[in-house]
Each structure stands twice: as C-alpha cells, then as structure tokens.
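As structure tokens, the structure follows; a few thoughts come after it.
No lab work stands behind these numbers, since they all come straight from the coordinates. In this text, all values refer to a predicted model and were calculated from it rather than measured experimentally. Every residue, glycine among them, receives a Cβ derived from its backbone with ideal geometry; neighbour counts consider all protein chains shown.
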Amino acid sequence: MPLYPEEQFLALLEGLPVGYSVVQRYGRSYGLTYSLSRKGDRGRIYAEELGGSDFISLNFYRTGSGFYLNPCEMPTEKVVEFLKGLSKDS
C-alpha cells in the first residue's frame with residue numbers, strides 16, 4: 001500500500017457525494033460509488049464505465065503511521081488521474 005499525501009488526495013474527493021452518482025470522465029459515463037466510514041478514517045471508491053469495460057477501484061486508510069491508498073488491480077496513478085477530472089452528470 002503506498003503512502004500518499006492525505007490533503008492532496010482528499011482535495012480530489014471534495015464535492016464528491018457519498019453514495020452512488022453518475023460522473024463523466026474521458027467523454028464517457030461512469031457509475032461511481034464513494035463510501036466513507038463513520039470516523040472518516042477509511043473509504044472506498046469504485047467506478048464502472050456504463051456500457052463499457054473500464055473500472056476504477058481503490059480503498060484508502062488513515063492510520064497512526066500515515067495515509068495509505070490501496071488500489072485494486074491497477075496502479076495508484078490511474079485512480080488519481082481519474083479523480084482529477086471528474087464532473088457530475090447533469
């Protein structure tokens with residue numbers, strides 16, 4: 001699990017609603033689920049391209065030793081790049 005700058009990652013999630021939403025990225029629609037623990041010390045991002053095969057999956061954790069990202073079957077950079085350009089579908 002890579003250690004990651006917490007403030008930098010949380011800024012990417014700013015304004016993203018907890019629960020399910022449809023977002024646009026790369027000119028395609030994704031169904032995105034964002035969940036967060038009650039304490040806010042761990043969470044999960046899962047996005048699946050609607051009508052396609054792409055997906056994004058990541059868990060994140062805050063521990064006494066730092067803030068960790070745990071991407072599932074993909075590099076951390078893919079998740080971060082995905083989050084950088086999200087816009088809510090209107």
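Derived scalar couplings between HN and Hα for region 28-34 equal 10, 8, 10, x, 10, 10, 10 Hz in order, rounded to whole Hz, by the Karplus curve 6.51 cos²θ - 1.76 cosθ + 1.60 (θ = phi - 60°), x for Gly and Pro. If you average the sequence gap of Cα pairs under 8 Å that are 6 or more apart and divide by the length of the chain, what percent do you get for the contact order? Worked out over the chain, it gives 29 percent. A straight chain from Arg28 to Glu81 at 0.36 nm per residue would run longer than the Cα-Cα distance by 17.6 nm.
Phi angles of region 37-51 translate, via the Karplus equation with coefficients 6.51, -1.76, 1.60 and θ = phi - 60°, into HN-Hα couplings of 5, 4, 7, x, 8, 7, x, 8, 10, 9, 10, 10, 4, 6, x Hz per residue; Gly and Pro are given as x. Computed over neighbours whose Cβ is under 13 Å from that of Ile56, the net charge equals -1, Lys and Arg +1, Asp and Glu -1.
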